[in-house]
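Working notes for the structure below.
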Amino acid sequence: MGYLPLFKEKYNEDPGFLADFAYDMANATLKTYDSSNEKWVNNLKTLNDPNGVSGGIAFDKNGVRVQPMVITEVRGGVIVPVE
């Protein structure tokens, strides 16, 4: 069971616009946390998680997320690209 049915069951509505990106960024922040700010930043820079909800999560040398931008929306509990 994926996260969409669980979200809908708990909140009785579909996740909002860009919820997948927000979910991934919160998880990336928590996965890489270190009480040393320097280590935390380095952990974020080297994060490479191919299994993010919104796609793979990695950053370039400037800290910009490397990912083709695809805007999606939830229709009937399914994430679909917006054309």
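Which ones in the range 1-52 are small (Gly, Ala, Ser) and either over 12 Å from the mean Cα position of the chain (by Cα) or farther than 26 Å from residue 80 by Cα (or both)? Listed by number, the residues that qualify are 2, 16, 35, 36. From the set of residues in the range 1-17 that are without any contact (Cβ under 8 Å) to a residue 12 or more places away in the chain and of a type in the set (A, V, I, L, M), which is surrounded by the most Cβ atoms within 10 Å (Cβ to Cβ)? Within the range 1-17, the match that is surrounded by the most Cβ atoms within 10 Å (Cβ to Cβ) is 6. Would you confirm, using the coordinates I've provided, whether residue 51 is out of contact with any Leu (no Cβ under 6 Å at 6 or more places or on another chain) and outside any loop (DSSP other than H, G, I, E, B)? Here the answer is no, as residue 51 does not meet what is asked.
State which residue is farthest from the chain's Cα centre (by Cα) when the search covers only the range 58-83 and only residues that are surrounded by 14 or more Cβ atoms within 10 Å (Cβ to Cβ) and farther than 19 Å from residue 17 by Cβ. Walk me through how you get there before you give the answer.
Initially, the range 58-83 is screened for residues surrounded by 14 or more Cβ atoms within 10 Å (Cβ to Cβ), giving 58-59, 65, 67, 72-74, 79.
Those left that are additionally farther than 19 Å from residue 17 by Cβ: 58-59.
Values: 58: 11, 59: 13 Å.
Ranking the qualifying residues of the range 58-83, first place goes to 59.
Listed by first and then second residue, the pairs with beta-carbon distance under 6 Å, at least 6 apart or on different chains, first residue in the range 68-83 and at positive phi, second modelled with pLDDT under 85, are 77/4.
What single numbered condition from (1) free of Cβ contacts under 8 Å to residues at least 24 places away in the same chain; (2) of a type in the set (S, T, N, Q); (3) part of a helix (DSSP H, G or I) fails to hold for residue 35? With respect to (1) free of Cβ contacts under 8 Å to residues at least 24 places away in the same chain; (2) of a type in the set (S, T, N, Q); (3) part of a helix (DSSP H, G or I), residue 35 is out only on (3).
The values are calculated or read from the model by the stated rules, or taken from the named source; none is laboratory data. Every value quoted in this text rests on a predicted model; they were computed, and no experiment measured them. Note that we place each Cβ from the backbone using ideal geometry, even for glycine, and neighbour counts take in every protein chain shown.
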